[in-house]
Amino acid sequence: MTVDGGNGVTLLVCDDHKILTDALAVVVERDEDLTMVAPPVHDPGQAVDLCRDSPPDVVLMDIVFKGPMNGIEATRRIKDVSPSTKVVVMTAHDDDRLMIEAVEAGASGFLAKEEAAGEVLAAVKAAAEGEVLIDPATLTRLLHQVAREREEQRGAQRLLSDLTDREQQILELLAEGKRNDDIAAGLQISPQTVQTHVRNILAKLRVHSKLEAVAFAVKHGAISV
């Protein structure tokens with residue numbers, strides 16, 4: 001399609017399904033209120049570059065791509081280089097975790113890929129006007145999920161804060177794959193003392209194994225890997 005200037009809402013489409021993007025391009029071209037800033041792109045990194053050089057009003061962004069960058073990370077980067085650009089995530093999956101991550105990255109809303117063309121065009125224009133594109137039931141469900149996750153994180157931090165410095169040190173060594181004997185030798189303490197520390201760690205974190213303790217600590221940010 002021909003890309004030109006003009007009034008109205010400017011749009012960029014980023015999705016690796018060429019049939020979908022070609023169809024969207026044809027529909028957009030027929031709408032006098034919409035202008036593509038570039039032909040549809042299939043690589044989210046390219047979308048970020050275009051938003052840096054020629055910021056559109058709205059980006060329609062897929063979530064899943066074959067390359068190293070997904071649509072959520074691309075959304076985050078687009079909002080960094082062009083804060084005024086509204087990113088609407090197109091998804092074929094009703095995945096609450098992905099939706100929460102997209103919102104946290106700066107997405108303005110969501111569109112199901114099975115939406116009719118007219119609905120897509122209306123959504124693009126609404127997003128450009130600052131509308132949040134998410135139905136009330138989904139919004140309520142996501143807010144409840146965020147609240148649950150925040151409470152879980154607060155609870156985990158309380159448990160982790162009960163660890164002594166030595167227990168934290170041993171937990172980090174466990175995360176490196178060290179065995180009890182190796183830890184004992186490195187810290188110049190007895191294997192029995194290490195076992196006691198490990199038992200205390202498991203009890204304080206309310207887990208059942210060293211592996212579970214390490215996974216718990218990594219999940220909640222106490223250990224970086």
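The residues in region 70-104 that are under 21 Å from GLN46 (Cβ atoms), surrounded by 21 or more Cβ atoms within 10 Å (Cβ to Cβ) and of a type outside the set (Ser, Thr, Tyr) can be counted, and the count is 10. SER161 fulfils the conditions (1) free of Cβ contacts under 8 Å to residues at least 24 places away in the same chain; (2) more than 19 Å from VAL218 (Cβ to Cβ); (3) of a type in the set (Ser, Thr, Tyr) except for a single criterion, (2).
Within region 113-132, take every residue that is touching a strand residue (DSSP E or B) at 6+ places or on another chain (Cβ under 7 Å) and at pLDDT below 85 and give me the one that is nearest to LEU24 (Cα to Cα). Applying the filter and picking the extreme gives LYS113.
Filtered by the rule that a residue be under 14 Å from ALA222 (Cα atoms) and in contact (Cβ under 8 Å) with a residue 12 or more places away in the chain, region 167-203 gives GLU167, GLN168, GLN169, ILE170, LEU171, GLU172, LEU173, LEU174, ALA175, ILE201. Scanning region 125-136 for residues that are closer than 19 Å to MET99 by Cβ and hydrophobic (A, V, I, L, M, F, W, C) turns up ALA126, ALA127, VAL132, LEU133, ILE134. Checking each residue in region 105-159 for being more than 30 Å from LEU171 (Cα to Cα) and basic (Lys, Arg) picks out LYS113, LYS125, ARG141.
Of all residues in region 105-125, those that are within 16 Å of THR10 (Cα to Cα) and in the same structural domain as SER84 (by TED's automatic domain parsing) have Cβ atoms under 9 Å from Cβ atoms of residues that are among the β-branched types (Val, Ile, Thr) and in a helix (DSSP H, G or I), 6 or more apart or on another chain, in VAL120/VAL27; VAL120/VAL28; LEU121/VAL27; LEU121/VAL28; VAL124/VAL28.
Of note, ALA147 does not satisfy the criterion of being of a type in the set (Gly, Ala, Ser), in contact with a His (Cβ under 7 Å, 6 or more places away or on another chain) and within 30 Å of LEU205 (Cα to Cα).
This table checks each residue for (1) under 27 Å from the mean Cα position of the chain (by Cα); (2) not hydroxyl-bearing (Ser, Thr, Tyr).
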{"residue": "GLY155", "(1), (2)": "yes, yes"}
{"residue": "ASP165", "(1), (2)": "no, yes"}
{"residue": "LEU173", "(1), (2)": "no, yes"}
{"residue": "ASN180", "(1), (2)": "no, yes"}
{"residue": "GLY186", "(1), (2)": "no, yes"}
{"residue": "SER190", "(1), (2)": "no, no"}
{"residue": "HIS197", "(1), (2)": "no, yes"}
{"residue": "VAL214", "(1), (2)": "yes, yes"}
{"residue": "ALA217", "(1), (2)": "yes, yes"}
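When residues of region 105-115 are filtered for being on the phi > 0 side of the Ramachandran plot and crowded, with 20+ Cβ neighbours inside 10 Å, how many remain? Residues that pass the stated criteria total 1.
Picking from ALA47, ALA23, ALA38, which residue would you name as being outside any helix (DSSP H, G or I), of a type outside the set (D, E, K, R) and touching a residue at least 24 places away in the same chain (Cβ under 8 Å)? Sole residue among the options that is outside any helix (DSSP H, G or I), of a type outside the set (D, E, K, R) and touching a residue at least 24 places away in the same chain (Cβ under 8 Å): ALA38.
The values are calculated or read from the model by the stated rules, or taken from the named source; none is laboratory data. Predicted, not measured: the structure shown is a model, and the values here were computed from it. Every residue, glycine as well, gets a Cβ built from its backbone with ideal geometry; the counts of neighbours run over all protein chains shown.
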